[in-house]
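Please read the structure below before turning to the comments.
The values are calculated or read from the model by the stated rules, or taken from the named source; none is laboratory data. What you are looking at is a predicted structure, and each value in this text was computed from that prediction instead of being measured. All Cβ positions, even for glycine, are placed from backbone atoms using ideal geometry, and neighbour counts span all protein chains on display. Ligands, DNA and RNA are stripped out before the accessible areas are found, and what is left, the full protein with its side chains, is counted by its heavy atoms. Shrake-Rupley method; radii C 1.70, N 1.55, O 1.52, S 1.80 Å.
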Amino acid sequence: MSLGAIPGTGPNTSPLPIIRKSKKKTMADLPTGRTLVMGILNVTEDSFSDGGKYLSTDAAIDQGLKLLYSGADIIDVGGESTRPGAKDVDPALEQERIIPVIEALVKAGAVISVDTMHVSTARAAIEAGAHIINDVSGLTYEQGMPELIAETGVPYVLMHRRGTAQNMVAEANYQDVVAEVIGELRGLRDEFVAKGVAPEQIIIDPGLGFAKDAEHNWALLANVPAMEELGHRVLIGTSRKRFLGELLAEGSKSRAPLERDAATAATTVLGARDKVWAVRVHDVAGSRDAIEVVQAYGSH
């Protein structure tokens with residue numbers, strides 16, 4: 001997609017913001033010395049908090065630009081919902097949804113992560129300019145993914161999950177969730193390294209909410225330093241998740257997803273104090289502000 005074809009940039013403009021001229025960025029352009037903010041862009045019909053809102057290419061590009069201009073260091077583009085019970089999406093449809101969006105946002109100067117479990121989509125996304133592959137498949141990763149990551153050299157988010165979207169809730173059984181998650185991540189890491197992935201490519205995500213209940217999530221959040229001992233960057237994703245809604249419930253009524261951003265920002269503070277590499281959030285501005293507070297507090 002050329003910039004001239006992007007709504008908001010031609011003579012017959014839509015309400016989309018004009019894409020500012022910017023050079024294409026690389027991972028080396030990301031800030032250092034603070035926790036990064038990864039903005040969530042769901043080009044899906046059934047994601048739990050904003051499914052269908054950005055399903056069209058125009059709407060997705062518009063939202064991606066808003067995330068970028070709100071201060072997102074990375075934009076995480078996904079074309080398949082990974083919530084519990086979500087239906088599988090054919091990789092061809094997934095690519096149809098996200099590739100034009102990736103191309104446009106890369107041209108606008110965004111660093112792009114792609115939320116996919118499929119090797120073919122990961123390859124297409126990398127060819128379109130994506131910088132990071134964020135794979136939530138966990139223990140059920142698709143055959144060929146390690147080889148692709150080794151071949152391309154891109155950073156890879158290795159997330160912990162047991163089971164699939166259809167059965168992972170039933171897989172939330174642990175004797176010691178911290179030790180078991182770290183042990184299973186270590187095993188996954190070793191599999192990828194054995195197939196040629198460089199250790200420095202790997203980013204660890206404990207998979208909060210994926211085959212985890214609320215108590216599991218809180219235990220993992222409280223033990224981020226133990227995960228960091230694996231020797232990899234750590235990504236934390238709490239944004240608007242059910243365990244925050246349950247914490248803030250009024251009686252038996254869970255707080256609605258769109259009303260969980262303040263709680264999400266509080267978890268960003270916790271992650272930033274533990275020096276996680278990045279937090280994955282819907283509300284970019286709120287988490288950027290939270291990180292600035294942590295930076296200022298830590299300098300005194």
* Asked: Looking at the stretch 106-139, which of the residues that are open to solvent by less than 10 Å² (accessible area, probe 1.4 Å) and out of contact with any strand residue (DSSP E or B) (no Cβ under 8 Å at 6 or more places or on another chain) is nearest to Ala60 (Cα to Cα)?
  -> Ala108
* Asked: Mind checking whether some residue in the stretch 160-171 is under 20 Å from the mean Cα position of the chain (by Cα) and closer than 21 Å to Val279 by Cα?
  -> yes
* Six or more apart or on different chains, Cβ under 8 Å: which pairs go from a residue in the stretch 216-229 that's of a type in the set (Phe, Trp, Tyr) to one that's at pLDDT 95 or above? Could you list them? => Trp218/Phe243
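Identify the residue in the stretch 99-138 that is assigned to a loop (DSSP other than H, G, I, E, B) and touching a residue at least 60 places away in the same chain (Cβ under 8 Å) and, among all such residues, is nearest to Ser70 (Cα to Cα).
Only one residue tops the list, namely Ala110.
May I ask you to list the residues in the stretch 250-300 that are among the hydrophobic types (A, V, I, L, M, F, W, C), part of a loop (DSSP other than H, G, I, E, B) and at pLDDT 95 or above?
Val276, Trp277 - these are the residues of the stretch 250-300 that are among the hydrophobic types (A, V, I, L, M, F, W, C), part of a loop (DSSP other than H, G, I, E, B) and at pLDDT 95 or above.
Does Arg186 satisfy the condition of being touching a Leu at 6+ places or on another chain (Cβ under 8 Å) and over 18 Å from Ile133 (Cα atoms)? Break it down into steps so the answer makes sense when it comes.
Details: touching a Leu at 6+ places or on another chain (Cβ under 8 Å): yes; over 18 Å from Ile133 (Cα atoms): yes.
Yes; evaluated as a whole, the condition is true for this residue.
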* Structure fact -> For the stretch 52-75, pairs from a residue that is farther than 15 Å from Val114 by Cα to a residue that is at pLDDT below 95 and in a loop (DSSP other than H, G, I, E, B), with Cβ under 6 Å and 6 or more apart or across chains, are Gly52/Glu45; Tyr54/Val43; Leu55/Glu45; Asp58/Pro7; Asp62/Leu16; Gln63/Tyr54; Leu65/Pro17
* **Residue satisfying all of: in the stretch 255-300; farther than 10 Å from Val37 by Cα and among the β-branched types (Val, Ile, Thr); surrounded by the most Cβ atoms within 10 Å (Cβ to Cβ) among these** => Thr267
* Looking at the stretch 156-177, is at least one residue open to solvent by 10 Å² or more (accessible area, probe 1.4 Å), assigned to a helix (DSSP H, G or I) and farther than 30 Å from Trp218 by Cα? -> no
* Members of the stretch 210-245 that are surrounded by fewer than 19 Cβ atoms within 10 Å (Cβ to Cβ) and of a type in the set (S, T, N, Q) -> Asn223
* Asked: Can you tell me which residue in the stretch 41-64 is most open to solvent (accessible area, probe 1.4 Å), limited to those that are under 15 Å from the mean Cα position of the chain (by Cα) and modelled with pLDDT under 95?
  -> Phe48
* Any residue at all in the stretch 10-25 that is at pLDDT 90 or above and not basic (Lys, Arg)? -> no
* Output yes when any residue across the stretch 126-143 is among the polar types (S, T, N, Q), modelled with pLDDT under 95 and in contact with a Gly (Cβ under 9 Å, 6 or more places away or on another chain), and no when none is. => yes
* To do: Could you list all residues from the stretch 65-89 that are farther than 17 Å from Thr140 by Cα and either open to solvent by less than 30 Å² (accessible area, probe 1.4 Å) or assigned to a loop (DSSP other than H, G, I, E, B) (or both)?
  => Leu65, Leu67, Ser70, Gly71, Ala72, Asp73, Ile74, Ile75, Asp76, Val77, Gly78, Gly79
* Candidates Gly196, Gly207, Gly183, Gly187 - the one that is on the phi > 0 side of the Ramachandran plot, at pLDDT 95 or above and open to solvent by 10 Å² or more (accessible area, probe 1.4 Å) -> Gly196
